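Computed from the coordinates by the stated procedures, all read-outs in this text should not be read as laboratory data. What you see is a predicted model; the values in this text were computed from it and never measured. Every residue, glycine among them, receives a Cβ derived from its backbone with ideal geometry; neighbour counts consider all protein chains shown.
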């Protein structure tokens with residue numbers, strides 16, 4: 001199991017999984033051979049609130065980079081998630097439709113969203129951040145008061 005980078009802010013613990021890449025809008029990416037697995041970061045699940053409903057693009061469909069991939073409804077807000085890759089959605093975590101709380105309980109494990117076969121994996125990976133860089137960004141967001149903004 002990977003180690004996490006951790007910080008505590010306003011009595012809440014925030015974790016960033018090492019070995020994953022991250023987008024600026026708080027998605028994690030795990031490269032698995034020619035596919036990528038995507039999920040939401042601990043920061044996003046904590047600041048958005050408890051997931052009540054999730055709608056995810058259909059398995060077998062194609063998604064364009066920056067297009068909406070999923071939408072999460074919580075008691076606090078609605079969050080639109082955008083794909084960091086163009087490609088084919090190979091697998092959707094169907095368990096989330098019955099148990100959206102997995103997004104909050106296990107964002108780096110059972111709460112994953114989709115796997116995608118990207119059209120241009122190497123190029124798209126260049127736009128992502130390493131865990132350490134994302135950890136710094138997350139810490140800046142926390143310190144600038146973004147915890148209450150969602």
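Quick notes on this structure:
- Ranking of 105, 5 by count of other Cβ atoms within 10 Å, fewest first: 105, 5
- 222 nm mean residue ellipticity, helices alone, for the chain (DSSP H n ≥ 4; -39,500 (n - 2.57); rounded to 500): -5500 deg cm²/dmol
- Relative contact order of the chain, defined on C-alpha pairs under 8 angstrom at six or more residues apart (%): 26 percent
- Between the helical axis of 131-143 and the longest alpha-carbon principal axis of the chain there is an angle of about 40 degrees.
- Whole-number D in µm² s⁻¹ for the chain, Kirkwood Cα-pair radius fed into Stokes-Einstein, 4 °C, 1.567 mPa s: 84 µm²/s
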